[in-house]
Every structure is written in structure tokens, then in C-alpha cells.
1. Find all pairs meeting these conditions: Cβ atoms under 6 angstrom apart; at least six residues apart or on different chains; first residue within the stretch 245-259 and closer than 10 Å to HIS196 by Cβ and among the hydroxyl-bearing types (Ser, Thr, Tyr); second residue open to solvent by 20 Å² or more (accessible area, probe 1.4 Å) and within 16 Å of ligand 1 (Cβ to nearest atom).
2. Quick one: PRO203 ticks every box in (1) under 20 Å from ASP72 (Cβ atoms); (2) open to solvent by 10 Å² or more (accessible area, probe 1.4 Å); (3) in a strand (DSSP E or B) bar one, so which box is it?
3. Please indicate, with yes or no, whether at least one residue in the stretch 137-154 is within 16 Å of ligand 1 (Cβ to nearest atom), touching a strand residue (DSSP E or B) at 6+ places or on another chain (Cβ under 6 Å), under 19 Å from TYR70 (Cα atoms) and part of a helix (DSSP H, G or I).
4. Given the structure, is THR201 within 16 Å of ligand 1 (Cβ to nearest atom) and in contact with a Gly (Cβ under 8 Å, 6 or more places away or on another chain)?
5. So which of GLY242, GLY197 is touching a Lys or Arg at 6+ places or on another chain (Cβ under 8 Å), more than 26 Å from PHE131 (Cβ to Cβ), modelled with pLDDT of 95 or more and of a type outside the set (Ser, Thr, Tyr)?
6. Can you work out which of the residues in the stretch 134-159 that are basic (Lys, Arg) and over 12 Å from HIS216 (Cα atoms) is least open to solvent (accessible area, probe 1.4 Å)?
7. Sort through TRP103, TRP97 and tell me the only one that's within 13 Å of ligand 1 (Cβ to nearest atom) and over 22 Å from THR194 (Cβ atoms).
8. Scan the stretch 230-262 for residues that are in a loop (DSSP other than H, G, I, E, B), closer than 13 Å to LYS170 by Cβ and open to solvent by 20 Å² or more (accessible area, probe 1.4 Å) and jot them down.
Amino acid sequence: TACSSKYVLSHMHPMWQEPLAIPGGDRQSPIDIVVRKSLFDPHLKPLVPAYDPQTCQQIWNNGYSFLVEYDDTTDKSTLKGGPLEDQFRLCQFHFHWGESNAWGSEHTVDRKLFPAELHIVHWNAEKYDLFEEAVMEENGLAVIGVFLKIGKRHEGLQKLVDALPAVRHKDSMVDFERFNPACLLPSNINDYWTYHGSLTTPPLTEAVTWIVMKQHIEVSHDQLAVFRSLLFTSAEEEVQKGMVNNFRVQQPLRGRPIRSSFS
Ligand SMILES: NCCOCCOCCNC(=O)c1ccc(S(N)(=O)=O)cc1
Ligand SMILES: [Zn+2]
């Protein structure tokens with residue numbers, strides 16, 4: 001099957017039971033990025049994120065993570081360039097994190113784990129009309145991955161952290177306005193790795209061009225602690241389960257090339 005248990009360290013208890021068979025199954029995510037095996041590609045262009053904060057709509061807890069969702073009915077918030085041939089539309093961003101600062105990211109770099117990882121999700125609006133269509137297609141999605149490290153407080157993140165208690169339970173949602181996800185990108189977005197992979201939660205479709213930033217961002221210990229105050233469970237459920245370790249186990253590379261935009 002796609003998830004081989006040898007990648008699962010003893011202290012990690014992934015949140016969901018992996019399906020036995022996955023369509024295709026040889027382009028699954030996340031993966032370990034082995035730096036010395038990545039290939040510098042001089043044809044990779046600079047990434048061009050162009051986000052309009054007015055398209056920010058709501059924040060909600062979907063039982064896997066918390067998502068900040070954007071109006072993706074127009075081309076107001078887009079991503080192009082980098083490895084992408086088409087223009088993609090921003091639809092949401094979310095995070096994955098651990099119960100401790102020792103782990104939590106989905107991708108790793110030479111096996112190095114980070115306490116959390118940001119995913120900014122876009123879909124190919126040149127080729128498809130809806131996200132739900134694009135999510136089933138090989139060139140349908142583009143996700144920017146950014147590693148988080150514990151350090152100084154991230155001022156831009158604080159507005160998001162302050163909204164989290166309102167979405168503590170699964171299926172809770174509140175309005176959220178004028179948040180520009182560009183404030184969560186590292187200062188250098190020209191250095192990244194890119195490879196073809198999948199969604200890391202169901203439906204796990206192999207539709208994603210992954211763009212993983214080399215430079216991390218810093219958030220404070222207290223900011224990440226608020227992520228861990230969220231719950232996987234809805235308000236009705238008797239047993240409340242803390243939303244932690246919402247990352248998938250690493251998947252086999254199956255010979256896929258990992259290109260780097262830097263040498
Ligand atoms: N539910 C049946 C089919 O649904 C198709 C749409 O799936 C939407 C739900 N999943 C996602 O949008 C989704 C988006 C990004 C990532 S991730 N962690 O790979 O960035 C994982 C999942
Ligand atoms: Zn994700």
C-alpha cells in the first residue's frame with residue numbers, strides 16, 4: 001500500500017486510518033525532500049502570487065485542520081509562474097502541526113521535521129471551471145508549502161490566532177476578512193523545491209504540483225499552542241479530541257524527480 005509503516009516513528013500516531021488502495025498510488029504526498037537528490041532546473045521561473053485580501057471570506061474547522069477560505073469565483077487572487085504553465089486561483093490555506101514542537105510538518109528536508117507546515121491551496125482556473133473538477137486532474141492543483149519554526153512572534157499570524165477560539169469545534173465557522181496570505185510567505189520565495197504529488201488528506205487525488213519553500217517562517221511557541229487548543233470533534237460529541245498530529249505519514253518517492261529553483 002502507499003503508506004509504509006517504516007516511515008512512522010513510534011511517537012507519531014497519524015490521525016486517520018490510511019485507505020488500503022489509492023488510485024494510481026505512485027505519486028502520493030507528503031515526501032522527504034532529499035536535497036542532494038534534487039535537480040536544479042534553470043528554466044523554473046520566479047513564483048508570482050497576487051492575492052487580493054478582499055477575497056477572504058471565512059475561517060472554519062473541518063475536522064482535519066482549520067481553513068481560511070477565499071472567494072475563488074474570479075481571478076482576483078491568483079498564483080502563476082514557478083513551475084506552473086497556467087494561472088491558478090487561491091481557494092484556501094490551512095496548516096498541519098504536532099502535539100509537540102519536535103514534529104508536525106508533512107514534508108521533511110533530509111528527514112528534518114518542523115513543528116508545523118502551511119499549505120496555500122490553488123486550482124487551475126485556466127483549464128477547469130471548479131475546484132471540485134480540478135481536484136481530480138493531474139494538473140489541477142498547486143499547493144505552496146511553508147515550514148514553520150518556533151521563534152519570534154509572527155505579527156501577521158496573530159489575527160488568525162485570535163480567531164481560532166471561535167472555531168474550536170469541528171464544523172464551526174466564522175466570518176474572516178481582509179487577510180492576505182502573502183504575509184505568511186517567507187521573505188525569499190524564489191528558492192523552492194517542486195514535484196508532482198497528491199492531496200495529503202482524502203480524497204488523496206494525485207492532482208498537486210507541490211511548491212515547497214526552502215526558507216521557513218517563524219511563529220512563537222504561544223501562537224502554535226493556540227493551534228493545539230482546537231478540537232477534531234464537534235460540540236455534540238461526548239469525548240473531545242485535541243486537534244494535534246494532523247499530518248499524514250510520508251509516502252514513497254517512486255522515482256519522482258524533485259526539482260529545485262536554486263543551485
Ligand atoms: N468529498 C468527495 C470529493 O471531494 C473533492 C474535493 O475535496 C475537497 C477536500 N480536500 C481538499 O480540498 C484538500 C485540499 C488540500 C489538501 S493538502 N493537505 O494536500 O494541501 C488536502 C485536501
Ligand atoms: Zn495540507
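1. Going by the 6 Å Cβ cut-off, there are no qualifying pairs.
2. (3)
3. no
4. Judged against the criteria, THR201 is not a match.
5. Working: GLY197 fails: more than 26 Å from PHE131 (Cβ to Cβ).
After ruling out the rest, the residue left standing is GLY242.
6. LYS159
7. Exactly one residue qualifies, and that residue is TRP97.
8. Residues satisfying the conditions are PHE232, ALA235, GLU236, GLU237, VAL239, GLN240, LYS241.
The values are calculated or read from the model by the stated rules, or taken from the named source; none is laboratory data. Predicted, not measured: the structure shown is a model, and the values here were computed from it. A quick note on method: Cβ atoms are made from the backbone with ideal geometry, for glycine too, and the neighbour counts reach across all protein chains shown. Areas reflect the complete protein model, heavy atoms only, side chains present, ligands, DNA and RNA absent. Shrake-Rupley method; radii C 1.70, N 1.55, O 1.52, S 1.80 Å.
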